[in-house]
Amino acid sequence: MTFVSLPARHTRSGFTGAPLQVLVVVILALGGGLAASYWLSEGRSEKFYGYVHPRMTTIAAPRSGVISTIEICSGDFVEPGSLIARLADDNLERRFESKQGQIASTEAELMRSQAQAELDLDWRLRDVDSDICELQLLAAKYQKERYDFELRRSMLSDSLASNQFAMLGGNDEFISSLIREQGESSEDRMVTVLRLEAAENAAEVSQAQIEWCAWNKSRLEKLRGRLPDVVKRSAGVDVLNAQLTQARRELQLIKAEREHLEIKSPAIGRIGVMQITAGSAVNPGGAIVDILDDIEREVVVQAPSEKILHFKCGEKVSVRFAGREEREGRIVKIAPQAQTVTSEVGSESFVEVRIQQVGEIWPDVPAGSRVTVRL
């Protein structure tokens with residue numbers, strides 16, 4: 001009989017259902033594990049959404065005017081002092097060009113006056129030096145005459161002291177005159193006395209002439225020392241120098257005004273969206289562009305006001321960026337006042353919370369990227 005084969009088929013059909021049951025159990029176990037893992041990692045902490053904000057510096061117009069040129073584009077990297085844009089001011093430009101022309105003409109006139117002063121000084125110095133030389137020669141002549149008169153006075157004085165006297169004769173015979181013995185005519189003795197007085201007077205006159213030469217020489221030497229300044233003043237060099245100094249000072253003031261026409265970056269970073277175009281009129285304090293500093297970034301979270309007590313300044317939080325990259329941050333500021341989205345009664349309000357990076361550097365994501373913040 002072949003009935004013995006039936007239980008075998010029944011047994012195989014019973015065992016074919018077992019793998020399906022095992023598969024179901026495994027799937028349920030995996031699902032439960034994933035759910036438990038998700039609950040442990042995601043469900044146990046509050047989750048909020050925030051946005052990455054770089055440190056932002058707003059560049060404002062320093063004065064009213066019209067934008068003439070824009071020197072950068074959005075996304076360009078700038079440093080402190082980098083030129084952003086220029087304002088147009090036709091009146092200021094005309095003043096600048098006029099002052100430059102005035103300085104150029106004053107410099108040319110100054111050079112001409114200096115050259116003329118040098119020529120005048122040269123021939124005036126030659127005249128003064130010639131006069132000083134003549135005085136020196138004249139003083140030497142007077143000095144020689146004084147020595148001669150002093151010698152004559154000395155000899156005549158000695159002659160009278162020894163009761164001798166000189167013979168009559170001309171002046172040129174004085175040195176070679178014979179000395180006569182006492183007892184001759186008293187007329188010759190009188191002549192000797194007169195000659196002595198004449199020699200003394202002549203010596204005094206020569207001394208006065210020498211002193212006059214010395215005084216005149218000193219006066220000319222002082223004049224020679226003052227002559228360069230006197231000649232420059234007479235040529236107008238000092239006046240032109242003063243005018244040139246004043247014009248340059250005024251030019252510096254105009255340049256300082258022109259610098260206000262150049263709008264420059266006060267910080268380092270990348271240029272955001274330009275809020276002006278060439279030809280746009282701006283007022284003092286009007287926004288030109290924002291500079292975004294990617295190095296110092298922060299996350300801004302608009303937390304519901306009913307959950308704001310979960311946030312504590314100084315506490316660390318988890319920040320998840322795109323690509324599920326986890327980083328840490330620290331709460332640095334909680335706004336003191338909540339803001340409502342609408343003015344309707346009962347509408348939800350939010351409090352701004354700012355988070356700065358700590359630990360590992362945050363990923364380089366574009367400004368405004370959304371991130372997930374967990375407490």
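The values are calculated or read from the model by the stated rules, or taken from the named source; none is laboratory data. Quick caveat: nothing in here was measured; it's all calculated off a predicted structure. Heads up, the Cβs are rebuilt from the backbone with ideal geometry, glycines too, and the neighbour counts pull from every protein chain shown.
List of remarks:
- Out of ALA278, ALA256, sole residue that is without any contact (Cβ under 8 Å) to a residue 12 or more places away in the chain and loosely packed, with under 14 Cβ neighbours inside 10 Å: ALA256
- Boolean, LEU244 is in contact with a Ser or Thr (Cβ under 7 Å, 6 or more places away or on another chain) and either at pLDDT below 85 or not assigned by TED's automatic domain parsing to the domain that holds LEU121 (or both): no
- Per-region count, region 313-324, residues modelled with pLDDT of 90 or more and surrounded by 11 or more Cβ atoms within 10 Å (Cβ to Cβ): 8
- Elements of the type strands (runs of 3 or more DSSP E) sitting completely within region 261-375 and holding at least 3 residues that are under 30 Å from VAL78 (Cβ atoms): these cover 262-264, 269-271, 287-304, 325-334, 349-358.
- Selection status of SER343, exposed (fewer than 11 other Cβ atoms within 10 Å of the Cβ) and not hydrophobic (A, V, I, L, M, F, W, C): yes
- As for region 195-203, it holds at least one residue that is surrounded by fewer than 14 Cβ atoms within 10 Å (Cβ to Cβ) and either modelled with pLDDT of 80 or more or within 30 Å of LEU138 (Cα to Cα) (or both).
- Qualifying residue in region 318-339 (condition: of a type in the set (A, V, I, L, M), free of Cβ contacts under 8 Å to residues at least 40 places away in the same chain, touching a Ser or Thr at 6+ places or on another chain (Cβ under 6 Å) and farther than 24 Å from THR58 by Cβ): yes
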